[in-house]
1. Say we look at segment 1-36 and pick out the residues that are surrounded by fewer than 20 Cβ atoms within 10 Å (Cβ to Cβ) and among the acidic types (Asp, Glu); which of these is farthest from Val180 (Cα to Cα)?
2. Name the one entry in Gly283, Gly219 that is more than 16 Å from the chain's Cα centre (by Cα), among the small types (Gly, Ala, Ser), assigned to a helix (DSSP H, G or I) and within 15 Å of Lys297 (Cβ to Cβ).
3. Can you tell me which of (1) within 9 Å of ligand 1 (Cβ to nearest atom); (2) more than 14 Å from Cys177 (Cα to Cα); (3) touching a residue at least 24 places away in the same chain (Cβ under 8 Å) is the one Gly100 doesn't meet?
4. Provide a single number: the residues in segment 154-211 that are part of a helix (DSSP H, G or I), under 14 Å from Ile233 (Cα atoms) and of a type in the set (Gly, Ala, Ser).
5. Criterion first (part of a helix (DSSP H, G or I) and crowded, with 24+ Cβ neighbours inside 10 Å) does Leu39 satisfy it?
6. Condition check: closer than 27 Å to Lys196 by Cβ, within 16 Å of ligand 2 (Cβ to nearest atom), touching an Asp or Glu at 6+ places or on another chain (Cβ under 9 Å) and not in a loop (DSSP other than H, G, I, E, B). Does Ala54 satisfy that?
7. Does Glu179 qualify as being of a type outside the set (Ser, Thr, Tyr) and under 14 Å from Gly212 (Cα atoms)?
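The values are calculated or read from the model by the stated rules, or taken from the named source; none is laboratory data. Please read these numbers as outputs of a predicted model, since none were measured by experiment. For neighbour counting, all protein chains shown are included, and Cβ atoms are generated from backbone atoms with ideal geometry for every residue, glycine included.
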Amino acid sequence: MLNTIQNTLPKSVNIVEVGPRDGLQNEKSNITVEQKVELINRLSKTGLAHIESASFVSPKWVPQMASSDLVMKDIEKKEGIIYSALTPNMRGFENAIASGCKQVAVFAAASEGFSQKNINCSISESLKRFEPIIEAAKSHNIPVRGYVSCVIACPYDGETEPSQVSTLTKEILDMGCYEVSLGDTIGVGTPLKTAKMLEACLHDSSTSQLAGHFHDTYGQALANVLIAMQMGISTFDSSVAGLGGCPYAKGASGNLASEDLVYMLENMGVSTGIDLAGLCETGRWISAMLNRTNASKVGLATAS
Ligand code: HMG
Ligand code: MG
């Protein structure tokens, strides 16, 4: 029995740290460029291989990300680490490139309501916007990651049909994204709902093309990671200290805390390459800096 369970787990997992972007974009307090840069520099020392560091969106829509160009220029870029950024349109892409970004991400939603509220256009219009970005990225040799939000439910349209997620995911992959991160934006998914959504996606996409991005609003994120791993997914997004949420998804809390994810994986023999103690220290540091409660249980449990 134990062997059967162990055999369903991957040997290693890739973690995409989204705290500096998904986390900080939703903070109410003013965060300086220096604080953002220090967060990313500290995260760079923990063994993370991919840190989503910035977002080249309209500053009117997401004021916290307004200084993304300065952040990208000021961080100490360590060899072997991907420092990526969100780019909703060509303007964002051009700004990202000018700031030294070597990887970008485009983001769509599986529901029309969220697409309108988040990026002010329909799903099909958003795909049209991505075309020139992906084209330009190709000519710059820049990999493009894709996001699909509201894969379980939408704060405006209610439950999302798994087939809607799988069709959109396939379209984004066919356009040239190397991977699609499936976002439970409002964190309402349970393991069986997650499995149903993934089963639909796995009809036309492979496990290596999919990632899980589970917000932890209802405390289900780790359970969703576990079921997704058992279905073959081995890339997950998480956020140090459980920072964040989405400004256009009221009530959405932060992502799964990176510390809690690393603790679970490493203690199950699934390698992450991440120094848990260093990550916990960074989580405590940023929580104190932002004067916010640390949302990582492991971060709290290991505090001296
Ligand atoms: P719009 O208002 O339809 O666009 O916004 P527009 O072209 O009319 O431009 C409006 C203003 O923004 C103009 O300025 C543009 O110049 C400027 P004005 O003339 O009024 O002074 N503008 C820009 N400025 C800087 N950089 C740009 C840019 N583009 C336009 N790239 C737009 C459309 C997409 C720009 C807007 O809706 C937007 O920025 N949305 C971003 C929303 C966002 O960042 N949401 C959070 C990230 S998504 C997320 O968190 C989910 C995820 O984590 C996965 C999950 O959890 O599910 C990824
Ligand atoms: Mg998110």
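1. Ranking the candidates gives Glu34 first.
2. Of Gly283, Gly219, the one residue that is more than 16 Å from the chain's Cα centre (by Cα), among the small types (Gly, Ala, Ser), assigned to a helix (DSSP H, G or I) and within 15 Å of Lys297 (Cβ to Cβ) is Gly283.
3. So Gly100 meets the others, but not (1).
4. Number of matching residues: 3.
5. Criteria met by Leu39.
6. no
7. Judged against the criteria, Glu179 is a match.
For every residue, the table says whether it meets (1) at pLDDT 95 or above; (2) within 21 Å of Asn14 (Cα to Cα); (3) within 12 Å of ligand 2 (Cβ to nearest atom).
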residue	(1), (2), (3)
Asp174	yes, no, no
Thr190	yes, no, no
Ala195	yes, yes, no
Thr207	yes, yes, no
Phe214	yes, yes, yes
Asn224	yes, yes, no
Met229	yes, yes, no
Ser238	yes, yes, yes
